[in-house]
Amino acid sequence: MKAKFGYLNSLLFVAAAVMGTTTIAIGNSGSTQAWADVFEGTEGPDFIVGTPEEDQIESKGGDDFNSGDPRFGDGSGNDVIDSGEGNDFNSGDTFIGDGSGNDMIDSGEGNDFNSGDTAFIGDGSGNDVIDSGEGNDRNHGDTAQSGDGSGNDMIASGEGNDYNTGDTNFGDGSGNDVIDSGEGHDLNYGDTFEGDGSGNDVIDSGEGIDRNYGDTDLGDGSGDDIIASGEGQDENSGDTAFEGDGSGDDIIASGEGDDSNSGDTDRGQGSGNDIIASGEGDDANQGDTEFGDGSGDDIIASGEGDDVNAGDVSFRGQGSGDDIIASGEGDDQSTGNGGADIFACGEGEDTVTDYNQAEGDIAAPDCENV
């Protein structure tokens with residue numbers, strides 16, 4: 001990748017023979033450029049920049065740089081980029097500026113960098129589709145670095161250790177995005193890494209050790225998100241990962257493996273009415289948060305394994321939600337926190353740590369230790 005960027009920064013590249021005898025010259029912002037609507041690359045490293053209109057770019061093998069619209073300024077063309085095998089850099093609209101085109105990016109095998117609208121600085125609002133193939137890919141639905149993202153984007157990352165954000169990396173995200181990360185150790189954010197997230201997102205991570213966060217890592221999350229994590233030791237949070245409040249009504253379904261699931265956030269206040277269904281494995285489930293106060297009315301269904309379930313808060317904080325906890329086969333431990341909670345226990349030696357009839361708690365007869 002370092003070699004590729006050094007090549008691009010030289011700005012001494014001339015792309016030739018596009019759809020006949022059309023020549024594209026990449027120079028300074030004051031130079032005259034001749035464009036075509038359809039651009040075809042070579043089997044070597046290509047540097048292709050589209051027009052402000054709706055373009056089709058097909059760069060073949062090699063480490064390619066593709067931009068659907070001019071690199072500097074706002075971009076709004078509805079472009080299609082198909083980059084072949086190689087370590088490619090693809091931006092649906094522009095390099096620096098706002099992007100609003102509804103673009104499609106299909107990057108082939110290789111370690112690719114894809115942004116639906118803007119590569120570095122600017123807001124993104126296009127409804128984009130990104131399909132990255134095998135490799136360790138980085139995909140951003142709207143803008144890759146700094147700017148707000150509001151487009152309703154779709155990202156499908158193939159086999160490899162991928163990093164996906166539905167909207168942006170640094171900024172607020174509000175798009176209703178869909179992320180499908182394939183096999184590998186993936187890191188997925190429904191909206192943004194740093195900033196507030198409010199989109200209603202869907203994340204489906206495949207086999208591997210994945211970390212999935214419905215909205216954001218650092219910031220408040222309020223989207224009503226759905227997370228389905230596959231086989232592996234996964235960490236899932238419905239709204240925010242590390243520090244911030246979560247209020248979305250989220251659904252988390254974790255597959256086989258020793259998973260950690262938080263309905264809202266890890267460190268902050270949680271108030272969403274969430275549903276957590278954990279599969280086979282020794283899972284840790286908290287309806288709202290680990291550190292902070294929790295007030296959501298949550299439902300937790302833990303599958304086979306020795307699970308630890310908390311209706312609101314798992315470590316430090318006050319809980320007041322009216323929660324339902326149904327633990328499956330295994331020696332499980334369930335804590336309702338405050339509120340009128342309902343406990344149902346499966347096969348195994350199960351323990352309810354804080355049953356309080358005065359608060360309205362109900363425990364089924366198959367809960368052995370109450």
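The values are calculated or read from the model by the stated rules, or taken from the named source; none is laboratory data. A quick note: this is a predicted structure, and the numbers were derived from the prediction, not measured. No Cβ is skipped: glycine too gets one built from the backbone with ideal geometry, and neighbour counts run over all protein chains shown. All accessible areas refer to the heavy atoms of the entire protein, side chains included, with ligands and DNA or RNA removed. Shrake-Rupley method; radii C 1.70, N 1.55, O 1.52, S 1.80 Å.
Could you please let me know if Asp82 is surrounded by fewer than 24 Cβ atoms within 10 Å (Cβ to Cβ), assigned to a loop (DSSP other than H, G, I, E, B) and at pLDDT 95 or above?
Criteria not met by Asp82.
Do you know which of the residues in segment 154-199 that are under 23 Å from Glu109 (Cα atoms) and hydrophobic (A, V, I, L, M, F, W, C) is most open to solvent (accessible area, probe 1.4 Å)?
So, considering only residues that are under 23 Å from Glu109 (Cα atoms) and hydrophobic (A, V, I, L, M, F, W, C), the one most open to solvent (accessible area, probe 1.4 Å) is Met154.
Going through segment 230-253 one residue at a time, which ones are open to solvent by 10 Å² or more (accessible area, probe 1.4 Å) and on the phi < 0 side of the Ramachandran plot?
Those that are open to solvent by 10 Å² or more (accessible area, probe 1.4 Å) and on the phi < 0 side of the Ramachandran plot: Gly230, Glu231, Gln233, Glu235, Phe242, Glu243, Asp245, Ser247, Asp249, Ile251, Ala253.
Out of (1) open to solvent by less than 70 Å² (accessible area, probe 1.4 Å); (2) at pLDDT 80 or above, the odd one out for Asp74 is which?
(1)
With (1) farther than 16 Å from Gly158 by Cβ; (2) in a loop (DSSP other than H, G, I, E, B); (3) open to solvent by less than 40 Å² (accessible area, probe 1.4 Å); (4) at pLDDT 95 or above as the list, and Gly110 as the residue in question, which single condition is left unmet?
(1)
List the number of the failed condition for Ser314; all other conditions in (1) in a loop (DSSP other than H, G, I, E, B); (2) open to solvent by 10 Å² or more (accessible area, probe 1.4 Å) hold.
(1)
When you check Ile155 against the structure, is it β-branched (Val, Ile, Thr), part of a strand (DSSP E or B) and closer than 15 Å to Asp191 by Cα, yes or no?
Against the criterion (β-branched (Val, Ile, Thr), part of a strand (DSSP E or B) and closer than 15 Å to Asp191 by Cα), Ile155 qualifies.
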